[in-house]
Amino acid sequence: MNPQTNKLTINQWAEDDRPREKLHRLGPTALSNAELLAILIGSGTTDESAVALMQRVLNDCNNNLNTLGKLTIQQLTTYKGIGPAKAITILAACEIGKRRQATQPQERPELNSATRIYNHMHPIMQDLDVEEAWALLMNQRHRLIDAIPLSRGGISGTAVDIRLVVKEALLKNATVVAICHNHPSGNPFPSASDDKLTQDVKKACNYMNLHLADHVIVTDGEYYSYLEEGRL
């Protein structure tokens, strides 16, 4: 029997065994180093799958990614199935990993007051000539997860889809929400529609076990906070 008849390409593997599909289903932490590297190089040879090829390379490196990153392009291309392009991809991935390790995690801003919300959003809103509404999605410590633009409208108002606020909060695993919009007129005081929006968002958040921390209206130099005014 020809030994190559027992060799399968990645596309012929069972879907549960394909590295790309496995990562999509289970996340990157479920994959071995060889499987992750196999995704990068894309293919092996007629005699060896991409995963098996990278397992062999890693075995020669004592399964140490740091040792792998010290190999040269010339050393990597001595392996059948690894040309200069694949060798460069492997070394680039190792370098990215090294740089990530040396990078400090980005600190999420803490928006636990109307003043901090205003200071965060004012640079975004100070020059707008129409109203924009944003949702600030936070964790339990009021650390910002994401700021989501909700709508952009006219000079005197903008419509907000409350379902979008709740949807984005749930998708981002947020537990605290704040609403923020600007008044191009410079008048920070809320309108009747602002009051209704606040109450509608609060009801939706309560129903979905989310905490509405505040609704802040931003102008250039002033703000209005529903929380500080005792209206939440």
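The values are calculated or read from the model by the stated rules, or taken from the named source; none is laboratory data. The structure displayed is predicted, hence computed values, not measured ones. When we count neighbours, we look across all protein chains shown, and the Cβ atoms used for this are built from the backbone with ideal geometry, even at glycine.
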| field | Conditions (1) within 17 Å of ALA114 (Cα to Cα); (2) modelled with pLDDT of 95 or more; number of the one not met by ALA174 | value | (1)
| request: Answer yes if at least one residue in the range 52-74 is of a type outside the set (Val, Ile, Thr), under 16 Å from ARG18 (Cβ atoms), buried (at least 20 other Cβ atoms within 10 Å of the Cβ) and free of Cβ contacts under 8 Å to residues at least 60 places away in the same chain, and no otherwise. | output: yes
| Just wondering, is there one or more residues in the range 154-174 that are assigned to a strand (DSSP E or B), in contact with a Ser or Thr (Cβ under 6 Å, 6 or more places away or on another chain) and either assigned by TED's automatic domain parsing to the domain that holds THR219 or surrounded by fewer than 20 Cβ atoms within 10 Å (Cβ to Cβ) (or both)? | no
| note | How many residues of the range 75-103 are among the β-branched types (Val, Ile, Thr), outside any helix (DSSP H, G or I) and surrounded by 13 or more Cβ atoms within 10 Å (Cβ to Cβ)? The answer is 2
| Residues that are surrounded by 14 or more Cβ atoms within 10 Å (Cβ to Cβ) and basic (Lys, Arg), drawn from the range 177-230 | LYS202
| message | Just to be sure before I move on: is SER151 hydroxyl-bearing (Ser, Thr, Tyr), farther than 15 Å from ILE117 by Cβ, touching a strand residue (DSSP E or B) at 6+ places or on another chain (Cβ under 9 Å) and modelled with pLDDT under 95 in the structure I sent? | response | yes
